[in-house]
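Q: Take a look at the following structure, please.
Just so it is clear, none of the values below were taken in a lab; they were calculated from the coordinates. Quick caveat: nothing in here was measured; it's all calculated off a predicted structure. When we count neighbours, we look across all protein chains shown, and the Cβ atoms used for this are built from the backbone with ideal geometry, even at glycine.
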């Protein structure tokens, strides 16, 4: 009897155990199906996909917070090959304005290549404008395996500043390999200009999202309510010292001309305008379907619109160089500001062919020599400096002179915050020793006399010329010229002010007074009369850069004389004498910036500059 009771108890325990398990399973099923929606969603989903969330790229602003570069929405159509199902292919192609052949080519990749995987999303079609995408998005549910991914591309509110701003491009494999995981296929990177220089600040940080997709490839929602999502971090904004109105005006004046213009605020070193012409509309290089053809056309253009003449072209500066040697001669004590030099139509040495000069009155001092740009005067000044240690020891004299010239920021890159800046050339004694290898040591000051007037082997960029004008305006010092002034963090809206070094030429302030006077006389009654402005004193110096064919027109200046607010260099290829085109254009820019417009008495000069077409000149 006891044995039967024991067996009965065991049956009851076992039955109870199974009942408890059954109740637990029923409860769990109820929880999963009714209370917790996660698995109900998963029942309808076939894949959990990692999606990249791209950040907004930082903006670029001018000195008055006007937007120079902003973002515009564009879409990439992504596809997971294994999820592509039955669909109306003809309707799909019609909505996207592509052919059936393009459809097949874009979908059927080489899946033996590591770049593609049938289970991983890849770009089927890129760069779809938002307006085109709207109609397609209405029918997206009909096309299983496809989904849209928003991208931010660049937009340029002003048709100006292409070389300064730069552009973005899709990264190549080399950039991906060298990025230590920062970039992946399909990312964009800054190319040229500020976009390249401040790529690290502008690009931001990518985020990621785990998304659930149904068997049609449609996004059903975030996995685990977005708990594992990583939010993107927007790029930082770059504020510049540019004045976009001045930039636009400068590009208009330089239309149909080949050359460069740089405008600097002397006291701060901030670049107010910088341009190279011929140029192009920056919006042409915004990410779009026709971009490849546009780039190819610009690249093959014989006028080389991609070449930045402001920082990459190196030219003989011509007579503007005389302002530098004036200051150095006075500081060295070799020259006196009231010394005069006779000029008989050119500099003649030992019966050799004279270095010519135009007709002018006797230059009895440095101010008058600058006023009339006397070649004889500056050839004598140059020889006195080079021969200071003896006629047979020009190496020591030239290197001493070169050392002083280099302190004006010449012969090396100034360090402007743009890629590609060239150094120019200030030739040393070693340079000429190599130039005359068979007769080393036989060259003398007359051999290199063309350096005295900014010719020969002297080479400067337009940026360097403008910086010299700023240095003279400041009477002996300059701040490293730069574009960016502040970096603005979106996360906390804090602007970080950028700081730049200050450089001194080693020339005493008082020696620049007579140079200012001479540059004023050059404008009021000398070689640059067309640059005179009625409302303020502009100090400038013309130059004619000798060239095979038509010479180049050069001018640099600063204004106003008593409290300089602007320094400018204009270099126009094949435009002849400096006073013909470079000087009036520079003066118009100064007047426009300082006065907000052009005096009616000078309207004819503005019209002439705007309408001049010098591209056919040789």
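Q: Using the alpha-carbon atoms, what tilt in degrees (0 to 90, nearest 10) does helix 322-332 show relative to the longest principal axis of the chain?
A: Long axis of 322-332 versus the principal axis of the chain: about 70 degrees.
Q: If R₀ is 45 angstrom, what is the calculated FRET efficiency for the pair residue 389 and residue 594, using the beta carbon separation as r and rounding to 0.05?
A: Given R0 = 45 Å and the Cβ-Cβ separation, E is 0.50.
Q: Under the definition of Cα pairs under 8 Å and six or more residues apart, what whole-number percent is the relative contact order of the chain?
A: Taking the mean separation of contacting Cα pairs over the length of the chain, I get 14 percent.
Q: Pairs of alpha-carbon atoms within less than 8 angstrom and 6+ residues apart define the contacts here; what relative contact order does the stretch 52-204 have, in percent?
A: Once divided by the residue count of the stretch 52-204, the mean separation gives 32 percent.
Q: May I ask for the angle, rounded to the nearest 10°, between helix 291-300 and the longest principal axis of the chain, with both axes built from Cα atoms and the value confined to 0 to 90°?
A: 20
Q: If you don't mind, another one. Using only DSSP helix segments of four residues or longer, with each worth -39500 (n - 2.57), what per-residue ellipticity at 222 nm results for the chain after dividing by its residue count and rounding to 500?
A: About -9500 deg cm²/dmol.
Q: Report the Cα-based extents of the stretch 52-204 along its three principal axes, largest first, to the nearest Å.
A: Result, largest extent first: 55, 35, 24 Å.
Q: Which value, in Å to one decimal place, does the Kirkwood hydrodynamic radius take for the stretch 540-617 when every pair of different Cα atoms is included?
A: 13.0
Q: What are the extents of the Cα atoms of the stretch 391-530 along their three principal axes, in Å, largest first?
A: Sorted from largest, the Cα extents of the stretch 391-530 read 66, 41, 29 Å.
Q: Let me ask something else. To test your reading of the geometry: what angle, between 0 and 90 degrees and rounded to tens, separates the Cα axis of helix 375-386 from the longest principal axis of the chain?
A: Computed tilt is about 80 degrees.
Q: Next question, about the same structure. How do 462, 279, 240 rank when sorted from fewest to most other Cβ atoms within 10 Å of their own Cβ?
A: 279, 240, 462
Q: What whole number of Å gives the distance from the Cα centroid of the stretch 255-321 to the Cα centroid of the stretch 422-472?
A: With the stretch 422-472 and the stretch 255-321 each reduced to a Cα centre, they are spaced 26 Å.
Q: Moving on. What whole-number volume per residue, in cubic angstrom, does the convex hull of the C-alpha atoms of the stretch 444-601 give?
A: 170
Q: To continue, here is another question. Ranking request for peptides 372-379, 463-470, 70-77: highest mean number of other beta-carbon atoms within 10 Å first, then the rest in descending order.
A: Top to bottom by mean Cβ count within 10 Å: 463-470, 372-379, 70-77.
Q: Quick one: Debye curve from the alpha-carbon atoms of the stretch 253-383 only, equal weights, vacuum; give me log10 I(q)/I(0) at q = 0.19 Å⁻¹ to two decimals.
A: Ignoring solvent entirely, the Cα scatterers give -1.06.
Q: Between residue 396 and residue 177, what is 0.36 nm times their sequence separation minus the Cα-Cα distance? Round to one decimal in nm.
A: Result: 73.8 nm gained on full extension.
Q: Hey, another quick one. Want the number for residue 561 to residue 300: 0.36 nm per residue separation, take away the alpha-carbon distance, what's left?
A: 89.5 nm
Q: Here's a follow-up. Can you give me the relative contact order of the stretch 456-518 as a percent, contacts being Cα pairs under 8 Å and 6 or more apart?
A: 34
Q: With no solvent and one point on each alpha carbon, what is the Debye value of log10 I(q)/I(0) for the chain at q = 0.06 Å⁻¹?
A: -0.46
Q: Among 159-166, 559-566, 335-342, how do they line up from the highest to the lowest mean number of other beta-carbon atoms within 10 Å?
A: Highest to lowest by the protection proxy: 159-166, 559-566, 335-342.
Q: Tell me, what is the FRET efficiency for residue 99 and residue 256 to the nearest 0.05, using R0 = 25 angstrom and their Cβ-Cβ distance as r?
A: 0.05
Q: To the nearest 0.05, what FRET efficiency results for residue 248 and residue 536 with a Förster distance of 22 Å applied to their C-beta separation?
A: The pair residue 248/residue 536 has a calculated efficiency of 0.50.
Q: Suppose each label sits 7 Å from its Cα in the direction of the beta carbon; what would the residue 19-residue 490 distance come out to in nanometres?
A: Calculated label separation equals 6.3 nm.
Q: Modelled label-to-label distance, residue 293 and residue 137, 7 Å Cα→beta-carbon offset: nm?
A: The answer from the label model is 2.7 nm.
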